[in-house]
Amino acid sequence: MTVTTAPTARYRKDYKAPSFSIDTVDLHFYLDDTCTRVVNTMQVQKRDDEPDLVLDGEQLQLVQVTLDDRLLVAEQDYKVGRKSLTIYNVPAQFSLTIENTINPSANTALEGLYKSAGVFCSQCEAEGFRRITYFLDRPDVLSVYTTTLYVANKEEYPHLLSNGNKVDTGTTAEGLSWVRWHDPYPKPSYLFAVVAGDFDLLEDTYTTAEGRQVLLQFFVDKGNLNKAYFAMEALKNSMRWDEQRFGLSYDLDIYMVVAVDFFNMGAMENKGLNVFNSKFVLADEASATDQDFINVEAVIGHEYFHNWTGNRITCRDWFQLSLKEGLTVFREQEFSADQGMRAVNRIQDVRIMRTHQFEEDAGPMAHAIRPDIVVEMNNFYTVTIYNKGAEVVRMLHTLLGEQTFQAGMRRYIADNDGKAATCNDFLQAMEQASGRNLNQFKRWYSQAGTPEISVQTDYSRRQRKLTVTISQASDKPANAPFHIPIQVELLSQQGEPLHPPELPVNSVLELTEPEQTFTFTGLKEAPVFAPLANFSAPVKCNDTRSLDELITITRFAQDAFLRWDAVQQLYSQAVHEAIAQGGALTLPNALIDGLKASLTDGNSDPALVALLLQIPSEEGVAAEFKYVPVSAIHRAITELHEALARGLYTELLQAWDMHWPQATDKQAAFSKEAIAARMLCNTCLGYLAAMTDSEAVHERLQRQFAAEQSMTLVFGALQAAVHNQHRLAEVQLAQFANRWQHDPLVMDKWLAVQATVRHASSIAKVHELTEHSAFDWSNPNRVYALLASFSHNFAQLHQADGAGYALLVSAIKRLNTANPQVASRLLSPLLNWRRFNDARQGLLQQVLSDLRNMPDLAPDLFEKIEQSLR
Ligand code: PHE
Ligand code: ZN
């Protein structure tokens with residue numbers, strides 16, 4: 001076996017403060033497609049007695065090094081390593097100038113400085129700055145940056161951008177045009193950015209709570225200005241919200257957002273100069289769905305909120321990533337919720353946790369929100385660090401309450417502003433503000449895995465007393481008990497809310513022991529006990545409640561998540577029974593009746609009804625099994641879908657008709673009510689299209705597909721037809737492609753909808769689509785739309801003959817050197833091979849070891865394969 005030199009692991013416990021600080025950085029970029037020259041002058045100070053300065057650098061061509069005006073001599077004064085530059089015996093304080101070149105056009109990994117689609121763009125988080133120049137590329141080295149960009153042809157690059165304020169412009173004696181930027185706030189290298197290109201510019205201003213004017217600028221591809229207005233509004237809303245809810249204002253005079261087509265991630269919070277994947281900026285109603293708009297608002301908010309949680313206070317080391325990401329996702333979620341659809345948002349966030357985070361936590365790459373060991377940092381931008389990290393912050397918020405939590409935030413900022421902090425610094429501020437001891441709570445930061453709670457209730461009529469015993473167990477045997485906030489509801493048999501004296505005012509029980517008993521008195525009859533309201537902790541709940549109790553909860557719980565979750569339990573029970581018995585799936589009549597009632601009840605929120613009708617995905621069900629019965633899950637989910645379509649046929653049609661006027665109401669195009677109506681119309685059609693012989697359905701599919709002013713409706717119809725293999729599917733796919741072939745972001749939907757058909761034909765289809773003109777291996781959005789979508793098409797990926805694996809693996813091989821970050825994202829669904837039957841285990845082990853034997857295997861892939869096969 002040929003093994004590429006194994007990348008080395010780094011450990012959290014090995015943290016050591018840097019031996020040098022770099023106080024200022026003066027950068028000059030002579031931009032050129034294939035040979036950009038970078039001149040980097042740093043003021044360096046020694047912090048301890050280390051004689052040599054070791055800088056990070058990758059894929060750089062060094063030209064020369066000057067120390068305090070002395071040109072250094074190679075080998076004698078310095079040494080160039082494969083990933084470093086060592087300068088021997090440096091003085092206590094000095095100025096160091098490094099000149100090097102890079103090739104932006106050859107940079108397909110989209111990390112460092114790259115040129116794509118005519119635009120120069122940088123991406124430095126996590127460790128991309130070292131691909132621009134030699135530096136101490138670590139987040140605890142904070143410097144003040146001045147950046148000058150030079151271009152030969154300013155018509156080609158009318159916009160030359162970097163962080164901070166534009167301080168000067170000019171032309172050199174050689175005729176180069178230049179622009180200089182200065183960012184007064186010390187920052188780590190990962191927040192550095194440069195952009196050069198020709199854009200349309202949308203401008204606005206925002207006046208802060210203190211009365212300062214901030215210039216807001218959005219740079220988008222030519223011709224797309226009309227698609228940037230929504231993002232601009234979202235930015236202003238974010239700025240206002242952060243002032244009102246967190247008391248935090250913006251700190252520079254200018255805030256810029258650039259939308260680029262080639263980007264590995266969603267967006268990047270570079271100081272004063274966010275770079276966005278264009279799909280999170282550009283949106284208009286004809287080409288973007290409501291969900292796209294909601295995502296734009298959330299990501300704009302997220303990057304803006306980073307200005308305080310991430311930029312002003314950054315991370316000491318990358319093991320602390322959740323310090324900024326978990327907290328910022330929490331802030332983003334609260335922002336979105338305060339915009340008006342709190343319950344809907346919460347349920348969607350829980351779905352992400354259950355299908356993706358629980359899965360990650362149960363697999364070979366499981367890690368705590370503050371991991372202990374990392375090989376490739378890019379592998380840790382995970383649903384655990386982000387979403388579970390946000391759940392952990394949310395638990396603190398639940399335990400402390402809004403007021404005390406905000407006091408903790410103020411303390412955190414007062415103590416850490418301008419610094420590189422740790423998760424413990426955050427917890428310490430929360431402890432000081434609340435006076436609470438969070439020692440046990442801290443285990444959420446150090447222990448991976450999903451705890452499972454079990455609840456037992458015992459009612460004594462004589463004593464009018466309910467005794468509740470709650471226990472916790474972990475899927476990771478070494479884990480010590482967690483501190484788990486469990487918000488609960490007690491309901492009478494008739495569904496009235498009860499609040500016995502022992503229940504805290506905020507209804508939050510605190511489970512800290514392996515097993516604990518809570519008693520509630522003064523109860524005339526046995527109440528219904530509903531734990532985990534609002535999903536108050538990221539745990540599994542071993543549910544033993546009766547059908548009657550679940551039905552009571554679905555009808556009467558105050559908390560929308562509890563109502564939704566009870567219905568999910570009922571679906572899940574039906575699916576598990578069908579799988580266990582190998583027989584036909586049956587649904588309780590009470591459930592069907594309840595769903596009928598909600599569908600036809602003009603008073604219930606259509607968005608919540610739509611969510612009630614959303615059945616678990618194959619992937620979601622699979623996450624509930626230790627050993628995954630792939631085809632049985634596939635069959636059960638298909639039957640569940642069909643049973644609902646058949647059982648609710650009349651009411652689904654009725655609901656579609658009832659909400660159609662609101663869904664297409666022009667005046668209220670983006671109101672909460674219209675969004676909710678469209679959610680429900682789409683959900684109804686998603687079932688109805690399974691009734692392939694119905695003329696009534698055929699007509700509505702056509703009518704909705706023709707609703708050209710709303711991509712939500714058009715795409716909802718297309719998805720319904722394609723996923724149900726309705727006879728309209730082919731025509732609609734062709735029409736859609738014809739109408740939208742000029743717009744790649746829309747064509748991504750067209751690719752994704754075909755990759756997610758739950759039918760064996762999807763493999764051949766995806767193969768075929770890799771040859772389609774709408775697809776492009778070099779653009780991450782296209783790869784995600786087609787191949788990442790397919791990788792979540794559970795039963796097709798896991799086809800017994802291995803055809804799904806072969807498809808995905810050939811894509812991974814192709815992307816290994818071209819774009820390892822994207823390749824690594826595609827690999828994740830293949831890692832948990834131990835949970836499948838022998839035949840699949842054999843196939844998966846085979847493809848994983850094939851990959852491992854690849855020459856030049858990227859560290860991103862190496863780390864995951866090693867973890868998986870170990
Ligand atoms: N820090 C970015 C965010 O969460 C994500 C990101 C990470 C983008 C790494 C690019 C590279 O907003
Ligand atoms: Zn972030």
Check your understanding: Taking ALA288 and the conditions (1) surrounded by 21 or more Cβ atoms within 10 Å (Cβ to Cβ); (2) within 16 Å of ligand 2 (Cβ to nearest atom); (3) assigned to a loop (DSSP other than H, G, I, E, B), which numbered condition does it fall short on, given that it satisfies the others?
Key -> (2)
Point to revise | Identity of the residue in the range 360-411, assigned to a loop (DSSP other than H, G, I, E, B) and either β-branched (Val, Ile, Thr) or modelled with pLDDT under 95 (or both), that ends up nearest to ligand 1 (Cβ to nearest atom) | key: THR382
Practice item. From (1) away from ligand 1 (no atom under 16 Å from the Cβ); (2) farther than 30 Å from PRO606 by Cα; (3) β-branched (Val, Ile, Thr), pick out the condition that doesn't hold for ILE313. Key: (1)
Review point. Of LEU85, LEU110, which residue is closer than 22 Å to SER143 by Cα, crowded, with 16+ Cβ neighbours inside 10 Å and in the same structural domain as LEU161 (by TED's automatic domain parsing)?
Key: LEU85
Practice item. Kindly indicate whether any position in the range 296-307 is away from ligand 2 (no atom under 16 Å from the Cβ) and either polar (S, T, N, Q) or in contact (Cβ under 8 Å) with a residue 24 or more places away in the chain (or both). Key: no
Point to revise | Which listed residue, of ALA117, ALA92, ALA17, is more than 34 Å from the chain's Cα centre (by Cα) and surrounded by fewer than 18 Cβ atoms within 10 Å (Cβ to Cβ) | key: ALA92
Exercise for review: Of all residues in the range 533-581, count the ones that are more than 29 Å from the chain's Cα centre (by Cα), β-branched (Val, Ile, Thr) and modelled with pLDDT of 95 or more.
Suggested key: 5
Point to revise | For PRO855: the one exception among (1) part of a helix (DSSP H, G or I); (2) at pLDDT below 95; (3) of a type outside the set (Asp, Glu) | key: (1)
Exercise for review: Just name the residue that is surrounded by the fewest Cβ atoms within 10 Å (Cβ to Cβ) out of those in the range 128-140 that are within 15 Å of ASN107 (Cα to Cα) and not small (Gly, Ala, Ser).
Suggested key: ARG131
Exercise for review: Need at least 1 residues that are touching a Gly at 6+ places or on another chain (Cβ under 7 Å), buried (at least 19 other Cβ atoms within 10 Å of the Cβ) and of a type in the set (S, T, N, Q) per element, so show me which strands (runs of 3 or more DSSP E) inside the range 412-509 make the cut, counting only ones lying wholly within it.
Suggested key: none
Exercise for review: Would you check if GLN568 is under 25 Å from LEU490 (Cβ atoms), assigned by TED's automatic domain parsing to the domain that holds ARG461 and either without any contact (Cβ under 8 Å) to a residue 24 or more places away in the chain or buried (at least 17 other Cβ atoms within 10 Å of the Cβ) (or both)?
Suggested key: no
**Study point:** Yes/no for SER791 being within 23 Å of the chain's Cα centre (by Cα) and without any contact (Cβ under 8 Å) to a residue 60 or more places away in the chain
**Key:** yes
Point to revise | Close pairs from the range 119-132: first closer than 16 Å to CYS315 by Cβ and in contact (Cβ under 8 Å) with a residue 60 or more places away in the chain, partner in a helix (DSSP H, G or I) and more than 16 Å from ligand 2 (Cβ to nearest atom), Cβ under 8 Å, at least 6 apart | key: CYS124/SER189; PHE129/SER189
**Study point:** Residue satisfying condition, being more than 15 Å from ligand 1 (Cβ to nearest atom), outside the structural domain of HIS159 (by TED's automatic domain parsing), within 18 Å of ASN295 (Cα to Cα) and crowded, with 18+ Cβ neighbours inside 10 Å, within set PHE246, PHE218, PHE263
**Key:** PHE218
Review point. Has the range 337-359 got any residue that is in a helix (DSSP H, G or I), within 14 Å of ligand 2 (Cβ to nearest atom) and on the phi < 0 side of the Ramachandran plot?
Key: no
Practice item. Give the residue that is nearest to SER249 (Cα to Cα), with candidates limited to residues of the range 259-276 that are within 13 Å of ligand 2 (Cβ to nearest atom) and part of a strand (DSSP E or B). Key: ASN274
Point to revise | Extreme residue, nearest to GLN217 (Cα to Cα), among residues of the range 150-176 that are free of Cβ contacts under 8 Å to residues at least 12 places away in the same chain and of a type in the set (Gly, Ala, Ser) | key: GLY170
Check your understanding: When you go through ASN40, ASN103 one by one, which is the residue that is assigned by TED's automatic domain parsing to the domain that holds TYR150 and within 28 Å of ALA420 (Cβ to Cβ)?
Key -> ASN40
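The values are calculated or read from the model by the stated rules, or taken from the named source; none is laboratory data. Computed from a predicted model, the values in this text were never measured in an experiment. Neighbour counts run over all protein chains shown; Cβ positions are idealised from the backbone, glycine included.
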